[in-house]
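To keep things clear, I will list the structure first and then write my remarks on it.
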Amino acid sequence: MELATTLTSHTVWNAVREVGINPNYWYPVAWANELKPGEIMPIVIWQQAIAIYRDEESNLHALEDACPHKGVALHKGEVQGPNLVCPYHGWALNGDGKLVDIPYLPPNQKLPCTQARSYPIQEKYNIIWIFPGNPSLAENCYPPDVPEFTNPDWLMVPIPGHFQAHFSICNENTMDVFHGFLHKELQGWFDPVLISLRQGEGEVCADYQVSYRGLLTKFLGLSEQGNQVTTKTVSIQYRYPHYHSSLEGPRTSLPPWLELS
Ligand code: FES
């Protein structure tokens, strides 16, 4: 459905700052190539501490970061075969969080019936995704499509960041093309005009016409010297809980003065 592009005042719903995430979605939590076989990484997603690890056969697992014995952080333990071993007494949990070994008990002794919570986890687009909600819903839910990732015409530039803010503020910041003033020294984008606004089921899409000048135009290959004004369309899509934006016609390789080593 097309919406009006006239900017008008509207009520700010501050209550959105008080709600948590909907856990029944796939969330990106780490770069996949930064977790090697045998390594463990602690992550926190909406106040849930999770230990993710890659077993020795490269399979990914995610367990609540608290040992079911005495609550010690599992990410401080070690990977042994397919299992995560707690650093305190050496209890071994498999990728489902099930207790499979207590090293100081005699062989064949029955193990206590306890386990850590496990989370659905997968790897896609060099990103590790976690489903922190009801595991039975994970199969029918998917990470967002990023077809550009495997398209050689697109350049992948990972930009890690840590934002000390409610997620709604982060989303608003990335969707807000009117804050070019903040970056005027570096990026030089200005005069944004909302040219199209559409609402679909569970998503909102907007196209802006934005003018560029300065270092960003040089970086994107829009201008040789960075001193010309170039006007392009920026398309933004927000499909809860993921945000996607693309700029019309940027370069497909890094400029020679910014080659990555
Ligand atoms: S606290 Fe983890 S094995 Fe004891």
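What the table shows:
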item	result
Any hit, the range 174-186, residues being under 24 Å from MET41 (Cβ atoms), among the hydrophobic types (A, V, I, L, M, F, W, C) and either assigned by TED's automatic domain parsing to the domain that holds GLN209 or open to solvent by less than 40 Å² (accessible area, probe 1.4 Å) (or both)	no
Some residue of the range 19-27 being under 28 Å from the mean Cα position of the chain (by Cα), open to solvent by 90 Å² or more (accessible area, probe 1.4 Å) and either assigned by TED's automatic domain parsing to the domain that holds TYR240 or without any contact (Cβ under 8 Å) to a residue 60 or more places away in the chain (or both)	no
Matching option when the condition is within 21 Å of PRO143 (Cα to Cα) and in contact with a His (Cβ under 6 Å, 6 or more places away or on another chain), among TYR27, TYR53	TYR53
The range 54-67 - residue that is of a type in the set (A, V, I, L, M) and touching a residue at least 60 places away in the same chain (Cβ under 8 Å) and, of those, nearest to the ligand (Cβ to nearest atom)	ALA62
Test: residue in the range 54-68 that is surrounded by fewer than 17 Cβ atoms within 10 Å (Cβ to Cβ) and in contact with a helix residue (DSSP H, G or I) (Cβ under 7 Å, 6 or more places away or on another chain)	no
Cβ pairs under 8 Å, 6+ apart, first in the range 87-100 and charged (D, E, K, R), second at pLDDT below 95 and within 12 Å of the ligand (Cβ to nearest atom)	none
Every residue from the range 68-106 that is over 20 Å from ILE43 (Cβ atoms), within 10 Å of the ligand (Cβ to nearest atom) and among the β-branched types (Val, Ile, Thr)	ILE102
Selected residue (only one of GLN122, GLN109, GLN164, GLN115 is free of Cβ contacts under 8 Å to residues at least 60 places away in the same chain, under 18 Å from VAL44 (Cα atoms) and not basic (Lys, Arg))	GLN164
Residue count, the range 113-156 (criterion: touching a Phe, Trp or Tyr at 6+ places or on another chain (Cβ under 6 Å) and of a type in the set (D, E, K, R))	1
Residues of the range 138-166 that turn out to be farther than 17 Å from ILE127 by Cβ and assigned to a helix (DSSP H, G or I), as a count	2
Matching option when the condition is more than 16 Å from the ligand (Cβ to nearest atom) and open to solvent by less than 70 Å² (accessible area, probe 1.4 Å), among THR11, THR5	THR5
ALA51 being aliphatic (A, V, I, L, M), open to solvent by less than 40 Å² (accessible area, probe 1.4 Å), within 16 Å of the ligand (Cβ to nearest atom) and touching a residue at least 12 places away in the same chain (Cβ under 8 Å)	yes
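The values are calculated or read from the model by the stated rules, or taken from the named source; none is laboratory data. For clarity, every value in this text was computed on a predicted model and none was experimentally measured. Note: ideal-geometry Cβ built from the backbone for every residue, glycine included; neighbour counts use all protein chains shown. Just the protein is used for accessible areas: all its heavy atoms, side chains included, with ligands, DNA and RNA removed. Shrake-Rupley method; radii C 1.70, N 1.55, O 1.52, S 1.80 Å.
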